[in-house]
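Quick notes on the structure that follows.
The values are calculated or read from the model by the stated rules, or taken from the named source; none is laboratory data. Computed from a predicted model, the values in this text were never measured in an experiment. Methodologically, a virtual Cβ is constructed for each residue, glycine included, from the backbone with ideal geometry; neighbour enumeration extends over all protein chains shown.
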Amino acid sequence: MLNKKIIPLMLAAVLGGTAFLMPANVQAAVVQQQYINNNRSHQALNPIGLVIHDTDNEGATAQNNRDYFNRVYVAASAHYFVDWNTDIETIPENEVAWHAGPTANHRYLSIEMCMPYGHDTDKFNKVYENTVQLAADMCKRYGWSTQDIRSHYWVSETFHETDHEDPIAYLGEYGKSWDMLLNDIQKTINGQSVSVAVAPMAQSATVNSLVGTLQAEINRQALGNLVADGIPGPKTLAACPLLKQGTKGNITKWVQERLGITADGDFGPITRTAVINFQKAHGLTPDGVIGQNTWKALLGL
Ligand SMILES: [Zn+2]
């Protein structure tokens with residue numbers, strides 16, 4: 001990542017869980033597709049490999065990063081942000097992102113590993129695990145080997161267009177080396193187990209504290225009777241009300257928070273424009289009205 005001045009936002013809720021050895025068939029975190037509107041190249045990319053970075057921004061979640069790059073133009077971006085709960089895709093894989101200088105940007109996909117606040121081994125292990133899974137998935141889909149996976153450090157040394165050395169120091173802080181990361185990605189490609197301690201909850205569910213808040217509000221307004229577990233599904237979707245300009249209340253406020261705009265609970269023209277932009281970015285009819293299809297995208301379903 002070229003930009004270092006992301007304002008640290010809220011910390012994600014700490015998830016409990018006992019460390020265990022990950023079985024070979026463990027499910028990767030579900031990737032949420034939340035394309036950003038700002039910081040887009042709109043240039044075609046035929047990726048030949050992957051560059052792995054860290055955000056150099058302690059405490060910021062994938063969602064915090066995504067919302068920042070959506071809101072503020074900084075001429076920087078990445079395809080994926082991976083934290084201790086979630087993988088968020090912010091740039092389509094067939095579009096150039098701005099993460100490692102012009103040469104690498106036009107050749108590689110990018111993953112930004114998020115950093116927990118302070119030294120938090122449990123959270124790091126989950127970020128590491130989610131990164132391994134996502135990188136292995138890319139290798140399988142594109143037919144790459146781990147030789148096609150590069151660090152930003154390697155990119156800087158090779159093309160001399162940036163001077164960043166991530167994510168080597170971040171890995172080292174937790175006793176991992178670049179070679180260990182590639183080795184674990186290779187094992188995952190092969191379907192072997194990887195001895196990384198992970199918390200089961202983060203692996204079994206993409207826990208989204210935002211969704212839990214929405215589910216609780218739906219229950220409070222008697223629009224549904226949901227389990228407020230933060231996991232969106234058909235029941236949650238069906239309970240989401242139609243929202244349009246003029247609507248007021250906590251569910252409108254939730255949508256505003258989800259879109260990264262001022263959350264005043266009042267669906268006015270600014271909210272409508274943000275909804276239209278979101279709909280365009282997700283290939284939906286851009287009518288500014290939040291019906292079931294738009295809810296589906298908002299919930300990452
Ligand atoms: Zn970087």
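Overview of results
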{"quantity": "Residue in the range 1-14 that is part of a strand (DSSP E or B) and either under 15 Å from the mean Cα position of the chain (by Cα) or at pLDDT 95 or above (or both) present", "calculated": "no"}
{"quantity": "Hits in the range 172-188 - residues which are under 12 Å from residue 121 (Cα atoms) and touching a residue at least 40 places away in the same chain (Cβ under 8 Å)", "calculated": "173, 174, 176"}
{"quantity": "From the options 103, 90, 86, residue that is in contact with a helix residue (DSSP H, G or I) (Cβ under 7 Å, 6 or more places away or on another chain), on the phi < 0 side of the Ramachandran plot, at pLDDT below 95 and assigned by TED's automatic domain parsing to the domain that holds residue 179", "calculated": "86"}
{"quantity": "The range 169-179, subset under 22 Å from the mean Cα position of the chain (by Cα) and surrounded by fewer than 18 Cβ atoms within 10 Å (Cβ to Cβ), residue farthest from the ligand (Cβ to nearest atom)", "calculated": "174"}
{"quantity": "Extreme residue, farthest from residue 102 (Cα to Cα), among residues of the range 66-78 that are surrounded by fewer than 24 Cβ atoms within 10 Å (Cβ to Cβ) and hydrophobic (A, V, I, L, M, F, W, C)", "calculated": "72"}
{"quantity": "Output for the range 113-128, where each listed residue is outside any helix (DSSP H, G or I) and touching a strand residue (DSSP E or B) at 6+ places or on another chain (Cβ under 9 Å)", "calculated": "113, 114, 115, 116, 117, 118"}
{"quantity": "Every pair of residues 6+ apart whose Cβ atoms lie under 6 Å, when the first sits in the range 79-100 and is more than 16 Å from the ligand (Cβ to nearest atom) while the second is of a type in the set (Lys, Arg) and not in a strand (DSSP E or B)", "calculated": "84/123; 84/126; 88/66"}
{"quantity": "Tally, over the range 55-65, of residues that are surrounded by fewer than 24 Cβ atoms within 10 Å (Cβ to Cβ) and either without any contact (Cβ under 8 Å) to a residue 12 or more places away in the chain or within 16 Å of the ligand (Cβ to nearest atom) (or both)", "calculated": "3"}
{"quantity": "Count of residues meeting criterion [assigned to a loop (DSSP other than H, G, I, E, B) and buried (at least 24 other Cβ atoms within 10 Å of the Cβ)] in the range 101-112", "calculated": "0"}
{"quantity": "The range 135-166: number of residues that are away from the ligand (no atom under 16 Å from the Cβ) and assigned to a helix (DSSP H, G or I)", "calculated": "10"}
{"quantity": "Looking only at the range 26-54, and only at residues there that are more than 16 Å from the ligand (Cβ to nearest atom) and in a strand (DSSP E or B), the one that is surrounded by the most Cβ atoms within 10 Å (Cβ to Cβ)", "calculated": "32"}
